[in-house]
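*Asks:* Quick one: this structure, given as structure tokens, is what I'll be asking you about.
The values are calculated or read from the model by the stated rules, or taken from the named source; none is laboratory data. Nothing here was measured: the structure is a model prediction, and the numbers come from that model. Note that each Cβ is placed from the backbone with ideal geometry, even for glycine, and that neighbours are counted across all protein chains shown. What goes into the accessible areas is simple: the full protein's heavy atoms, side chains included, and nothing from ligands, DNA or RNA. Shrake-Rupley method; radii C 1.70, N 1.55, O 1.52, S 1.80 Å.
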Amino acid sequence: MLSSKDLIKISLDQGFVAAGISSPFLVTKSDVYLKNWIRSGYHAEMQWMTKNVEIRTNVLKYYPWVKSILVVADNYYLNHRREKGVLKISRYAWGSDYHKIVKYKLKDVLNKLKISDSQIEGRIFVDTGPILEKAFAVQAGLGWQGKNTNVVIKDFGSFCFLGVLLLNAPFEFNSPVKNRCGDCTSCIGDCPSGALVNPYVLDSRRCISYLTIEKRGEFSADELNWLSNWLYGCDICQEVCPWNHKWAKNTGDTRYYDRLKQLERSPKEWMGLTEHRFQELFKRSAVKRLKFDRLRRNLLAIIR
Ligand code: B12
Ligand code: SF4
Ligand code: SF4
């Protein structure tokens, strides 16, 4: 019979930097916060966030067979300073698509579990499922949710992806760790667009990450002023975090920065990128979802 400790050890052996186990539902006020967030319009045009609200905090509503949830964190940090004159692309897009990397690592975990217990069944989600991954990561004790809303993984910082494995077997749950933001407000103060409207509350309509990745259509005058040279995503509220200064360490998974050199381009070089080259450059990258037209839109907005 596998124990919680075995499950966590198997996950760490697979390369994850943290792992923990949560109940299938959140015991915090997350459901209230989520509903308030949507009511305030902070989801912007991400209409899919307004769907399956009940499931996001309680997976039993859709997957009644779930007895426990394994939550994992995969470190993608690389100690690298962007060169002057290159357009900024957020760290999470320096390599291959994390959805696939984390998913396949979790599949390996599940396969190993099945070797020990053939009755175990699981379902994997990385970003795409109706689950509040951050809140479950907190409940599973991986770290705390910072005022910038990202989960700061204990000993590694927030440059870590999350993934969840729903399991039909009961495992002992882990306990949350202490929130160590204290009096710090660096992320809130340094956000160029005022997107962190309150500690722990992000208004996507103002967030550069949302604007450059998710938003469809043209930018308004305000939005144009907020972009601050980010071509794709934004890392400011994480790069200023003292816990990242203290804890962030290089990932052992080189796939997370395998195209970094090709991404360090001046505005002129980006302007010369053809649609064909775009397809080649971002094959197996999360940026592919953006499509060439929106990358051009972001580029033109920056160099205007
Ligand atoms: C929608 C989404 C976005 C949106 C909205 C961001 C957001 N804050 O939710 C946009 C497009 C802006 C976005 C941007 C980014 N994202 Co995103 N995103 C998601 C997604 C798909 C859903 C998140 C969600 O459910 N939001 C709903 C709101 C309500 O959640 P929340 O902001 O965490 O709100 C909670 C707190 O406010 C809290 N709360 C409210 N009041 C209070 C008060 C107190 C005292 C406390 C303690 C808490 C608290 O309760 C709320 C509910 O739990 C998840 C994947 C997933 N399925 O979970 C990835 C995810 C959150 N994103 C991720 C990443 C990497 C990013 C970016 C860093 C990418 C980039 N570099 O550009 C940025 C970070 C921007 C930021 N500062 O958050 C990672 C985060 C990993 C981590 N370590 O936390 C995730 C988990 C994807 C993954 N699988 O790894 N993202
Ligand atoms: S990702 Fe950028 S724009 Fe969004 S909250 Fe953080 S600093 Fe602000
Ligand atoms: S910058 Fe400060 S307030 Fe923001 S997440 Fe980090 S420790 Fe918390």
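*Asks:* Treating cross-link reach as a plain straight distance, find the aspartates and glutamates whose alpha-carbon is under 19 Å from the alpha-carbon of Lys246, omitting any fewer than eight places away in the same chain.
*Replies:* Once the sequence-local aspartates and glutamates are set aside, what remains near Lys246 is Asp74, Asp155, Asp183, Asp190, Asp235.
*Asks:* List the residues, sorted by chain then number, that are 5 or more residues from Tyr77 or on another chain and whose placed amide H is less than 5 Å from its amide H.
*Replies:* Placed amide hydrogens put Thr251 under 5 Å from Tyr77.
*Asks:* Along its principal axes, what span do the Cα atoms of segment 106-252 show, with the longest given first and each in whole Å?
*Replies:* So the extents along the principal axes, rounded to whole Å, are 58, 38, 29.
*Asks:* In percent, what relative contact order does segment 186-304 have, based on Cα pairs under 8 Å that are 6 or more apart in sequence? Provide the component values of the computation, followed by the final result.
*Replies:* On the way: 91 pairs, mean separation 33.7, N = 119.
Once divided by the residue count of segment 186-304, the mean separation gives 28 percent.
*Asks:* Where does segment 35-173 land on the Kirkwood hydrodynamic radius, alpha-carbon pairs, in angstrom?
*Replies:* On the way: mean 1/r = 0.0595 Å⁻¹.
About 16.8 Å, per the Kirkwood formula over Cα pairs.
*Asks:* Still on this structure, please answer the following. If you roll a 1.4 Å probe over the heavy atoms of the protein chains, what accessible area per residue do you get for segment 186-303, in Å²? Could you put the intermediate results ahead of the total?
*Replies:* Working: 5870 Å² over 118 residues.
Ligands and nucleic acids excluded, the result is 50 Å² per residue.
*Asks:* Now a separate question. Note down the relative contact order for the chain as a percent, whole number, built from C-alpha pairs under 8 angstrom at least six residues apart.
*Replies:* Working: 526 pairs, mean separation 75.7, N = 304.
The value is 25 percent.
*Asks:* Something else: Could you calculate the FRET efficiency of Trp48 with Leu2 from 1/(1 + (r/R0)^6), where r is the beta carbon distance between them and R0 is 30 Å, rounded to 0.05?
*Replies:* Numbers: r = 35 Å, r/R0 = 1.16.
Once the sixth-power term is evaluated, E becomes 0.30.
*Asks:* If you build the Cα gyration tensor of the chain and take the root of 5 times each eigenvalue, what three semi-axes come out, in whole angstrom, biggest first?
*Replies:* Working: eigenvalues 212, 97, 69 Å².
The equivalent ellipsoid of the chain has semi-axes of 33, 22, 19 Å.
*Asks:* Ordered by packing density, taken as the mean number of other Cβ atoms within 10 Å over each peptide's residues, highest first, how do 74-81, 43-50 rank?
*Replies:* Values: 74-81: 17.0, 43-50: 13.6.
The peptides rank, most packed first, as 74-81, 43-50.
*Asks:* What is segment 29-128's relative contact order, in percent, from Cα pairs under 8 angstrom and six or more apart in sequence? Mind dumping the intermediate values first?
*Replies:* Values: 35 pairs, mean separation 15.0, N = 100.
Contact order relative to length: 15 percent.
*Asks:* Next up: Pop a pseudo-label 7 angstrom from the Cα along the beta-carbon direction at both Glu172 and Ser220 and give the gap in nm to one decimal.
*Replies:* With each label placed 7 Å out from Cα toward Cβ, I get 5.3 nm.
*Asks:* Report, by chain and number, residues whose modeled amide H sits under 5 Å from the one on Trp144, excluding near sequence neighbours (fewer than 5 apart, same chain).
*Replies:* Placed amide hydrogens put Val152, Lys154 under 5 Å from Trp144.
*Asks:* Additional query: Where Rh is the Kirkwood radius over the Cα pairs of segment 1-114, the temperature 25 °C and the viscosity 0.890 mPa s, what D in µm²/s does Stokes-Einstein return? Don't skip to the end; give the middle numbers.
*Replies:* On the way: Rh = 17.3 Å.
Calculated translational D: 142 µm²/s.
*Asks:* State whether segment 186-303 is rounded, prolate or oblate according to the following rule on the C-alpha gyration tensor (a ≥ b ≥ c being the square roots of its eigenvalues): a/c under 1.5 gives rounded; otherwise a/b larger than b/c gives prolate, and the remaining case gives oblate. Can you show the working numbers first?
*Replies:* Values: a/c = 2.10, a/b = 1.18, b/c = 1.77.
Here segment 186-303 falls in the oblate category.
*Asks:* Quick one: helix 4-13 against the long Cα principal axis of the chain, what's the angle to the nearest 10°, folded into 0 to 90?
*Replies:* Orientation of helix 4-13: about 40 degrees from the principal axis.
*Asks:* Treat every Asp and Glu Cβ in segment 186-303 as -1 and every Lys and Arg Cβ as +1, leave all other atoms uncharged, and give the resulting dipole magnitude about the Cα centre to the nearest 20 debye.
*Replies:* Numbers: 20 positive and 15 negative charges, 100 e Å.
It comes to approximately 480 debye.
*Asks:* Shifting gears a bit: Taking θ as phi - 60°, what are the ³J(HN,Hα) couplings along segment 162-178 by the Karplus curve (6.51, -1.76, 1.60), each to the nearest whole Hz, with x for Gly and Pro?
*Replies:* Taking θ as phi minus 60°, the curve returns 10, x, 10, 10, 6, 10, 8, 10, x, 10, 5, 7, 8, 9, x, 9, 5 Hz for segment 162-178.
*Asks:* Return the distance in nm (one decimal) between the two label points of a simple spin-label model at Leu281 and Leu60, each offset 7 Å from Cα along Cα→Cβ.
*Replies:* Spacing of the two 7 Å Cα→Cβ label points: 4.9 nm.
*Asks:* Where nothing but the Cβ of Lys and Arg (+1) and of Asp and Glu (-1) is charged, how large is the charge dipole of the chain around its Cα centre, in debye to the nearest 20? List each step's numbers first, then the result.
*Replies:* Details: 47 positive and 31 negative charges, 84 e Å.
Rounded to the nearest 20 debye, it is 400 debye.
*Asks:* In whole angstrom, note down how far apart the Cα centers of segment 138-197 and segment 98-134 are.
*Replies:* 20
*Asks:* In this model, which of Lys5/Lys35; Lys147/Lys288; Lys61/Lys114; Lys178/Lys261 are farther than 32 Å apart at the alpha-carbon?
*Replies:* Numbers: Lys5/Lys35 34 Å; Lys147/Lys288 30 Å; Lys61/Lys114 25 Å; Lys178/Lys261 38 Å.
From the list (Lys5/Lys35; Lys147/Lys288; Lys61/Lys114; Lys178/Lys261), the Cα-Cα distance tops 32 Å for Lys5/Lys35; Lys178/Lys261.
*Asks:* Apply the Karplus parameterisation 6.51 cos²θ - 1.76 cosθ + 1.60, with θ equal to phi minus 60°, to every residue of segment 100-117 and state each ³J(HN,Hα) to the nearest whole Hz, in sequence, with x for glycine and proline.
*Replies:* These are the phi-based 3J(HN,Hα) values: 6, 4, 5, 4, 6, 5, 5, 4, 5, 4, 4, 4, 5, 4, 5, 5, 7, 8 Hz.
*Asks:* Same structure again: Using the Kirkwood formula over every pair of different C-alpha atoms, what hydrodynamic radius in Å results for segment 58-131? Intermediate values should be presented prior to the final figure.
*Replies:* Values: mean 1/r = 0.0656 Å⁻¹.
Result for segment 58-131 stands at 15.2 Å.
*Asks:* For Asn168, enumerate residues with amide H under 5 Å from its amide H, sequence gap 5+ or separate chain, H modeled in the peptide plane.
*Replies:* Lys67, Glu121
*Asks:* Follow-up. Quick one: length gained pulling Lys291 to Ile303 fully straight, 0.36 nm per residue minus the C-alpha distance? Let's see the in-between values first.
*Replies:* Values: separation 12, 0.36 × 12 = 4.32 nm, distance 1.90 nm.
Full extension from Lys291 to Ile303 adds 2.4 nm.
*Asks:* Then there is this: Tell me, in nm to one decimal, what length is gained between Ser40 and Lys261 on full extension, where the rule is 0.36 nm per residue of separation less the Cα-Cα distance? Intermediate values should be presented prior to the final figure.
*Replies:* Details: separation 221, 0.36 × 221 = 79.56 nm, distance 4.01 nm.
So the chain would gain 75.5 nm between Ser40 and Lys261.
*Asks:* Now, a different point. Can you run phi through the Karplus equation (6.51, -1.76, 1.60; θ = phi - 60°) for segment 298-304 and list ³J(HN,Hα) in whole Hz, with x for Gly and Pro?
*Replies:* Coupling constants for segment 298-304: 4, 5, 5, 5, 6, 8, 4 Hz.
*Asks:* Counting each DSSP H run of 4 or more residues in the chain as -39500 (n - 2.57), what helix-only mean residue ellipticity at 222 nm follows after dividing by all residues, to the nearest 500 deg cm²/dmol? Show your work: numbers first, answer last.
*Replies:* On the way: 13 runs with 101 residues, N = 304.
That comes out to -9000 deg cm²/dmol.
*Asks:* At most 11 other Cβ atoms within 10 Å and a DSSP loop assignment: could you name the GluC sites (Glu not before Pro) in segment 173-270 that fit? Mind dumping the intermediate values first?
*Replies:* Working: sites: Glu214, Glu218, Glu223, Glu239, Glu264, Glu269; in loops: Glu218, Glu264.
Within segment 173-270, the qualifying GluC sites (Glu not before Pro) (loop, at most 11 other Cβ atoms within 10 Å) are Glu218.
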